[in-house]
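What follows is a single structure, written as structure tokens, with notes after it.
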Amino acid sequence: MALSSYAGAFSASFQYPSTSQPKIPRIANSNLKNYGLVTKQPVLGSSQNWNITPFENLKDQYLSKYPSYNEDVDVLRHVISEAGKDPSEGLKVVDAIQRLGIDYLFEEEIEEILQNQYILFDHYSDKEQNEDLCDAALRFRLLRQQGYYVPADVFKKFKDERGNFKISLTEDIDGLMGLYEASHLSIDGEDVLDEAKLLSGQLLTTSMTFLGHHRARVVANTLENPCHKSLAKFTAAKNLFGSSTTFHSDNGWIKMLQDLAKVEFDQVQSLHRREILQISRWWREIGLAKELTFARDQPLKWYIWSMACLTDPSLSQHRVELTKPISFIYIIDDIFDVYGTLDELTLFTEAVKRWDSAAIEKLPHCMKICFNALDNLTNEISHKVYSKHGWDPLHSLRKTWATLCDAFLVEAKWFASGQVPKAEEYLRNGVVSSGVHVVLVHIFFLLGQSITQETVEFLDNMPGIITSTAAILRLWDDLGSAKDENQEGNDGSYVECYIKERPGSSIEEAQENIIERISDAWKCLSKECLVSPNRPLPATFVKASLNLARIVPLMYSYDDNQRLPILEQLMKSMFYESVPMKHPVTELDILA
């Protein structure tokens, strides 16, 4: 069976907000007053009465429950290596591992398989080679996702003499789904992929009118959830129940992978619960929720950013530490947005730029407390990084906070003066005020990989991998009309700037422009993720940057009631629901 149907079976059971055609979901309100992790204005909601109690009695039971775990992993490593000797089978096994969210267990095996695929890429690109579209598209996507640059010209062999994609492809639904997936890894100037995305999207959309119900849902999920722009971590729980009735592996590795993924899901769920408890304790201890009653009180939401960026279970303490500066981005944003006067905000910014506690004496009590807490956190993180990696990041971390506050102050001045900036000027400043630079610089130092003067200076200069990720976040944030948890502050909007700059233009036109710019930012990010001599950053950091962009739609898809319903359901699934150990069900069972 072609892999695209098999891949579709994995994704068919989950509706993820489309990154190719962003939209704001609309569902009814829900409530989570007794969650325990959020006390003021929770970001997540549920009709159920959730609280923190289940986390407090958590025990490490999973490894003891599965004593053969290590042996099973070793057996699978051998099975994967053997499967990788067959080019087509190797592609499928890598895709399955990644969709199940357990690629961190088999990094060496995956790299070996894809390295061999890369070496043979020119052979498969030969127009004389009679390869089906599904395998060609999957090879292209997996190699680019791994950081290998492979030319998009490989798809030209599926065109006719007039330069159009062959008519015969219109009936190849599996191939079209693979082509659509591959097109999302395009970079600027790759017209063949832009054409492929448009054509495959149109043909797949049309196909849903004559395909069977279940098959049509598989296609719909492919259109809404391209792998490159989705987080396997947030969909793996659903994928554990899916495999195609007609996809078979001679080695039977698919069931083995699913069973292992179920065990991993339980263990990682346990780990995340412990991390949430650590964050909750830290947040209570620093006392900012009591002192800054106007600010958002959402430690769980802040942790979700960290959990999404750093998916490897071995990075547990990194996730906990990263959540702390993320919380300050939100808190300082609220100080600028809903609390401080312009004079106070100017003094606060100057204090952060000089990093001088004496400069805050004239500020309100709550702003003094915030600055001192930020100072303590920055010193604490710097000390941990220096102790573990031998590099003191204090200057770099302070610089990121100063840059962020500068950008916040620019927006405050715009609002105070009634000025509406040009859309481009707004976005340029918004890339900084998004806080992405602060997050990624902290990730870089916490990871402690490839820290040199060169890489530090590279990050200080806001490289494309940061600005493109930040643009995706800022534009997504401005795409919808819903505000974040009743934060009725002094927010600007790209839409407002766009319409003001172009009299007579509509909100719909502004939103279409945003969608185009998000697409362009993704092209830039995809290019930045390719391995090259000009990219001195480690692969773990690159993946974290990519994951940050991937989680953005979930974090900003508010409904009319200022809630995040899709994220709510995902968190419920990831933190509370267990995955039963059972034989995989069929694709029809998933979609029924």
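The values are calculated or read from the model by the stated rules, or taken from the named source; none is laboratory data. Since the model is a prediction, treat every value here as computed from it, not as a measurement. For neighbour counting, all protein chains shown are included, and Cβ atoms are generated from backbone atoms with ideal geometry for every residue, glycine included. Quick note on the areas: whole protein, heavy atoms, side chains included, nothing else; ligands and nucleic acids left out. Shrake-Rupley method; radii C 1.70, N 1.55, O 1.52, S 1.80 Å.
Of the residues that sit in segment 387-418 and are of a type in the set (Ser, Thr, Tyr) and under 28 Å from the mean Cα position of the chain (by Cα), which one is most open to solvent (accessible area, probe 1.4 Å)?
THR403
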Answer with yes or no whether GLY163 is out of contact with any Leu (no Cβ under 7 Å at 6 or more places or on another chain) and at positive phi. yes
Given (1) in contact with an Asp or Glu (Cβ under 7 Å, 6 or more places away or on another chain); (2) in contact (Cβ under 8 Å) with a residue 60 or more places away in the chain, where does PRO364 come up short, assuming only one miss? (2)
State whether one or more residues within segment 353-362 are at pLDDT below 95 and surrounded by 20 or more Cβ atoms within 10 Å (Cβ to Cβ). yes
Consider segment 344-373. How many of its residues are more than 20 Å from ILE329 (Cβ to Cβ) and among the small types (Gly, Ala, Ser)? 3
Kindly evaluate LEU198 against the criterion of being at pLDDT 90 or above, among the aliphatic types (A, V, I, L, M), within 22 Å of LYS527 (Cα to Cα) and open to solvent by 50 Å² or more (accessible area, probe 1.4 Å). yes
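Would you be able to say whether some residue in segment 201-210 is aromatic (Phe, Trp, Tyr) and either under 19 Å from ARG550 (Cβ atoms) or at pLDDT below 75 (or both)?
Within segment 201-210, none of the residues are aromatic (Phe, Trp, Tyr) and either under 19 Å from ARG550 (Cβ atoms) or at pLDDT below 75 (or both).
Any residue at all in segment 89-106 that is closer than 19 Å to SER200 by Cβ and open to solvent by 80 Å² or more (accessible area, probe 1.4 Å)? If you could, list the steps in order and put the result at the bottom.
Going through segment 89-106, the residues closer than 19 Å to SER200 by Cβ turn out to be 91, 95.
The next check asks that each one be open to solvent by 80 Å² or more (accessible area, probe 1.4 Å); those that pass are none.
There is no residue in segment 89-106 that is closer than 19 Å to SER200 by Cβ and open to solvent by 80 Å² or more (accessible area, probe 1.4 Å).
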Restricting attention to segment 303-359, and to residues there that are out of contact with any helix residue (DSSP H, G or I) (no Cβ under 9 Å at 6 or more places or on another chain) and touching a residue at least 12 places away in the same chain (Cβ under 8 Å), which single residue is farthest from PRO553 (Cα to Cα)? VAL338
Which residue pairs have Cβ atoms under 6 Å apart, sit 6 or more places apart or on different chains, and have a first residue in segment 498-526 that is of a type in the set (Lys, Arg) and a second that is open to solvent by less than 60 Å² (accessible area, probe 1.4 Å) and at pLDDT 95 or above? ARG517/LEU475; LYS523/SER186; LYS523/ILE187
Under 6 Å by Cβ, and 6 or more places apart or on different chains, what pairs join a residue from segment 558-579 that is touching a residue at least 12 places away in the same chain (Cβ under 8 Å) and open to solvent by 20 Å² or more (accessible area, probe 1.4 Å) with one that is of a type in the set (Lys, Arg) and not in a helix (DSSP H, G or I)? ASP560/ARG26
Of the residues in segment 500-539, those that are at negative phi and open to solvent by 50 Å² or more (accessible area, probe 1.4 Å) number 20
Anything in segment 456-469 that is aliphatic (A, V, I, L, M) and either outside any helix (DSSP H, G or I) or within 29 Å of TYR558 (Cβ to Cβ) (or both)? List them, or say none. MET462, ILE465, ILE466
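A quick yes/no check of all residues on (1) of a type in the set (Gly, Ala, Ser); (2) assigned to a loop (DSSP other than H, G, I, E, B); (3) open to solvent by less than 10 Å² (accessible area, probe 1.4 Å); (4) at positive phi:
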residue	(1), (2), (3), (4)
VAL420	no, yes, no, no
ASN429	no, no, no, no
PHE445	no, no, yes, no
GLU454	no, no, no, no
ALA471	yes, no, no, no
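A quick yes/no check of all residues on (1) at pLDDT below 90; (2) of a type in the set (Ser, Thr, Tyr); (3) open to solvent by 10 Å² or more (accessible area, probe 1.4 Å); (4) under 32 Å from the mean Cα position of the chain (by Cα):
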residue	(1), (2), (3), (4)
ILE119	no, no, yes, yes
ASP122	yes, no, yes, yes
ASN130	yes, no, yes, no
ALA137	no, no, no, yes
ASP153	no, no, yes, yes
ASP172	no, no, yes, yes
LEU179	no, no, no, yes
Looking at segment 540-557, which of the residues that are open to solvent by 20 Å² or more (accessible area, probe 1.4 Å) and over 8 Å from the mean Cα position of the chain (by Cα) is farthest from GLN98 (Cα to Cα)? TYR556
Tally up the residues in segment 298-320 that are open to solvent by 10 Å² or more (accessible area, probe 1.4 Å) and among the charged types (D, E, K, R), please. 1
How many residues does segment 69-96 contain that are within 29 Å of the chain's Cα centre (by Cα) and within 23 Å of ASP122 (Cβ to Cβ)? 9
